[in-house]
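Okay, so here's the structure we're looking at.
The values are calculated or read from the model by the stated rules, or taken from the named source; none is laboratory data. What you are looking at is a predicted structure, and each value in this text was computed from that prediction instead of being measured. Glycine also receives a Cβ, built like all others from the backbone with ideal geometry; neighbour counts cover every protein chain displayed. The protein model used for the area step is the full one, side chains on, heavy atoms only, and it has no ligands, DNA or RNA in it. Shrake-Rupley method; radii C 1.70, N 1.55, O 1.52, S 1.80 Å.
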Amino acid sequence: MKLSFPHPIIILLGFIILAALSSYFIQSGSYERVLDLESGREIIVPGSFHRIADRNASIYDIALSIPEGIILGADVVVLILLIGGAFYVIEKTGALQEGIASLIYKFRNRQYLLLYIIGLIFAFCGATIAMQEELIALAPILVLLAKKINYDIRAIVAIALGSALVGASFSPVNPFGSLLSQTIAELDLNEGFAYRMVFLILAISIWCGYHIKFGKLKTPSAEAVELKPSKISLQHSLILFLAFGGVVAMAWGIVYKDWGYNEMSALFFIVGISCGLVGKMGINGTARAYTEGFGEMIFAGVIVGLARSVYLILQNTSIIDPIIQGMFQPLETMPTQIAALGLYLSQAIIHLPVPSTSGQAVLTTPLAVPLMDLLGVSRQLAVLTYQYPAGLMDLIAPTNGGMMAVVAAAGIKYNGWISYLWKSWLLLMALGLISVFIALFWFA
């Protein structure tokens, strides 16, 4: 009997149980925290780690963490449902299929250019606003595009979601990553900008080039689009304008109006209803399509909630701080290059129990900075050794609910995603490590 790879929900339930079991082997502990006025966040006080009364997770705690995790992620779950419902309505109007067919025809002799453009757009969104969860609802579009141009769906998701995550990882202006860490490290935000930009360009070029080259299927797909001139109707043009306008408005709201998930959800609810009415689906037809879209996205929403449950267990048992302290303390006595490598790998591992890049910056930067000072190297190393591995781990960490939800929504098995992605992921991990080693001399 052949054993099948665990379902994503089973994988996350396994991590929840593993987190709970860890509480019996790791003594609870905590760092003292103070409010950092520049970043507006509470940060760790170096050297303040102390043991506290041991807190172990019971079976009751494990069970309770599941609904509590979903409730904690309610704003993201609602965003997934409302944006997913909106794009399902748009797909039902036929506008997406017509728009994609027209786009493919225009780039019929330069498909690689179309994919580079897609990669650059998503890389820009990742580098500036750390886009991730917002891509969950776009999964059906990516599946449709992959079928039409005869590409492996994993490659198309890698070019879209992957480029956004790579952009966020290598970005010099990511407010939830590099900028936050630099602020905590008390560095000039302009320092190292050009250096990071060089490696951002290299990373995106390598990433997109790899998946454009190796993602093409050798066997023609039965659904590959027939390359013939196609004119988009006025009705479908208006629907696509509303959909694209919604994405632009969302980006504007995030950057200039400090929008959260609720504002984005409200925007796309209006977009979805408007597109249904323009597509002549009628009020009831639009409502039915919208609720069908909910059904398509509910699984992705549950995945996001379960990922939060893992962190909730670790937080409630107070074992996150001991894990970080146990990884960082031995590095103080190591040679500089070995310490930099150890810090880089430690930050990658830490991202499993701490899947929030901003949360990881707040937790680890205050500890990495004194280590860099002790080793006599620039504090930029504290930022770079966090920035690259934490961001890149988002591509593979099963505790990253956003990635898991996109992969699930696209119909990709987690083991299939990892088996396809691991070579390109290692390439960028190596690139980040090269950047760190060069930075030892560059910022000396």
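The stretch 238-348 gives an Rg/Rh value of 1.24, both radii derived from C-alpha positions and Rh following Kirkwood.
With coordinates expressed along the principal axes, the C-alpha atoms belonging to the chain extend over 67, 54, 51 Å, beginning with the largest. Going by the alpha-carbon gyration tensor, a ≥ b ≥ c the square roots of its eigenvalues, is the stretch 9-77 rounded (a/c under 1.5) or, if a/c is not under 1.5, prolate (a/b greater than b/c) versus oblate? Verdict is oblate for the stretch 9-77. Under a model in which nothing but the beta-carbon of Lys, Arg (+1) and Asp, Glu (-1) is charged, the stretch 181-335 shows a dipole of about 900 debye around its Cα centre. Ordering 217, 295, 326 by Cα displacement along the dipole of the stretch 215-337 toward the positive end leaves 217 in first place; charges were set at the Cβ atoms of Lys, Arg (+1) and Asp, Glu (-1). How large is log10 of I(q)/I(0) for the stretch 175-313 at q = 0.09, 0.10, 0.12, 0.21 Å⁻¹ when the intensity is taken from the Debye formula with one equal scatterer per alpha-carbon? Each listed q corresponds, in turn, to -0.56, -0.69, -0.97, -1.23.
Taking the 1.4 Å solvent-accessible surface of the stretch 288-391 as the whole, the part contributed by carbon and sulfur is 62%.
Charges at C-beta only: +1 for Lys and Arg, -1 for Asp and Glu. How large is the resulting dipole of the chain about its Cα centre, in Debye rounded to 20? Let's see the in-between values first.
Details: 25 positive and 26 negative charges, 383 e Å.
Computed about the Cα centre, the dipole is about 1840 debye.
Each listed q (0.23 Å⁻¹) maps to a log10 I(q)/I(0) for the stretch 47-113, found by the Debye formula over equal Cα scatterers with no solvent: -0.98.
What is the gain in length, in nm to one decimal, between residue 189 and residue 283 on full extension, counting 0.36 nm per residue of separation less the C-alpha to C-alpha distance? Don't skip to the answer; put the middle values down first.
On the way: separation 94, 0.36 × 94 = 33.84 nm, distance 5.03 nm.
Taking residue 189 through residue 283 to full extension adds about 28.8 nm, to one decimal.
Computed over the stretch 130-170, the percent of Cα pairs more than 14 Å apart is 45. If the segment from residue 349 to residue 422 were pulled out straight at 0.36 nm per residue, it would be longer than the present Cα-Cα gap by 24.7 nm. Just the protein heavy atoms count here, and of the accessible area of the stretch 1-95 at 1.4 Å, carbon and sulfur take up 65 percent.
Computed over the stretch 1-130, the range of Cα coordinates on each principal axis works out to 65, 54, 29 Å, biggest value leading. Among 292, 191, 38, determine the one that fluctuates most according to a GNM of the chain built with springs between C-alpha atoms less than 10 Å apart. Of the options given, 38 has the highest mean-square fluctuation.
With coordinates expressed along the principal axes, the C-alpha atoms belonging to the stretch 341-444 extend over 48, 25, 16 Å, beginning with the largest.
Note on the chain: GNM, Cα springs under 10 Å; of 385, 333, 93, the largest mean-square fluctuation is that of 333.
Give the relative contact order (percent, whole number) for the chain; include only Cα pairs under 8 Å separated by 6+ residues.
Details: 700 pairs, mean separation 121.9, N = 444.
For the chain, the relative contact order is 27 percent.
In terms of Cα atoms, the Rg and Dmax of the stretch 67-202 work out to 17.6, 52 Å. Using the 1.4 Å probe convention, the accessible area of the chain works out to 44 Å² per residue with neighbouring protein chains retained. Subtracting the Cα-Cα distance of residue 110 and residue 233 from 0.36 nm times their residue separation leaves 41.8 nm of extension gain. Here the Debye sum runs over all C-alpha atoms of the stretch 392-444 as equal scatterers in vacuum, and log10 of I(q)/I(0) at q = 0.27, 0.30 Å⁻¹ comes out as -1.01, -1.12. For the stretch 77-88, backbone phi angles converted through the Karplus equation (6.51, -1.76, 1.60; θ = phi - 60°) give residue-by-residue couplings of 4, 5, 4, 4, 5, 6, 5, x, x, 4, 6, 5 Hz, Gly and Pro being listed as x. Computed with a 1.4 Å probe on the full set of protein chains, the accessible area for residue 153 sits at about 40 Å².
Local charge for residue 211 was computed over the other residues whose Cβ lies under 14 Å away, with Lys and Arg +1 and Asp and Glu -1, and equals +3. Toward the positive end of the charge dipole of the chain, with +1 on the Cβ of Lys and Arg and -1 on the Cβ of Asp and Glu, the farthest Cα among 37, 426, 155 is that of 155. With respect to the chain, whose longest principal axis is taken over its alpha-carbon atoms, helix 357-375 is tilted by about 40°.
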